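Each value in this text was obtained by applying a stated rule to the coordinates, not by laboratory testing. Just so it is clear, the structure is predicted and the values come from calculations on it, not from any experiment. Cβ: placed from backbone, ideal geometry, glycine included. Neighbour counts: every protein chain shown.
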Amino acid sequence: MGSLNEKEKRDFVSQTITLVEQEASTLQAAGFDPLNRLEKLKTERATASEAEIAQQKAQAASLDATIVANSTLKVAYDDASSIIDLIEGLLGKDNSLVHKLRQLRG
């Protein structure tokens, strides 16, 4: 089972539940009552599905946050550059402060 992907594992669990439910009377006649195990398995499947949904929402939120972070950083970088341009306009491009500020950009 180690080589199955998540969808295949989910399908495996669901198919197991379905088949065991269908054959519950046969299993009970053989001395095994699967009802408690089935309920546990259904709960585990539901918990895994809920966690999958939460994971997808977290990934979407992460992507949204990355977009906001990148666009905000670009605005901040552009603003910092414009401040340097403003200072250069005020003090002249040969001023030592302007040289220091220009070196910050690399």
Exercise for review: With the checklist (1) touching a Lys or Arg at 6+ places or on another chain (Cβ under 8 Å); (2) exposed (fewer than 10 other Cβ atoms within 10 Å of the Cβ) in hand, flag the one item residue 48 doesn't pass.
Suggested key: (2)
Exercise for review: Could you figure out which of (1) out of contact with any Lys or Arg (no Cβ under 8 Å at 6 or more places or on another chain); (2) among the aliphatic types (A, V, I, L, M); (3) touching a residue at least 12 places away in the same chain (Cβ under 8 Å) isn't true of residue 13?
Suggested key: (1)
**Study point:** Pair list, Cβ under 9 Å, 6 or more apart: the stretch 84-106 residue touching a residue at least 40 places away in the same chain (Cβ under 8 Å) and farther than 24 Å from residue 74 by Cα, other residue of a type in the set (A, V, I, L, M) and in a loop (DSSP other than H, G, I, E, B)
**Key:** none
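Yes/no per residue for (1) within 24 Å of the chain's Cα centre (by Cα); (2) of a type outside the set (Lys, Arg):
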position: 5; (1), (2): yes, yes
position: 31; (1), (2): no, yes
position: 42; (1), (2): no, no
position: 58; (1), (2): yes, yes
position: 70; (1), (2): yes, yes
position: 73; (1), (2): yes, yes
position: 80; (1), (2): no, yes
position: 87; (1), (2): no, yes
Practice item. Return the pairs, sorted by first residue and then second, in which the second residue is among the hydrophobic types (A, V, I, L, M, F, W, C) and surrounded by 11 or more Cβ atoms within 10 Å (Cβ to Cβ), the first residue lies in the stretch 28-40 and is more than 16 Å from residue 18 (Cβ to Cβ), the beta carbons are less than 9 Å apart, and the residues are 6+ apart or on different chains. Key: 28/35; 33/24; 33/27
Check your understanding: Out of all the residues in the stretch 59-71, is one or more closer than 30 Å to residue 10 by Cβ, among the charged types (D, E, K, R), surrounded by 11 or more Cβ atoms within 10 Å (Cβ to Cβ) and out of contact with any helix residue (DSSP H, G or I) (no Cβ under 7 Å at 6 or more places or on another chain)?
Key -> no
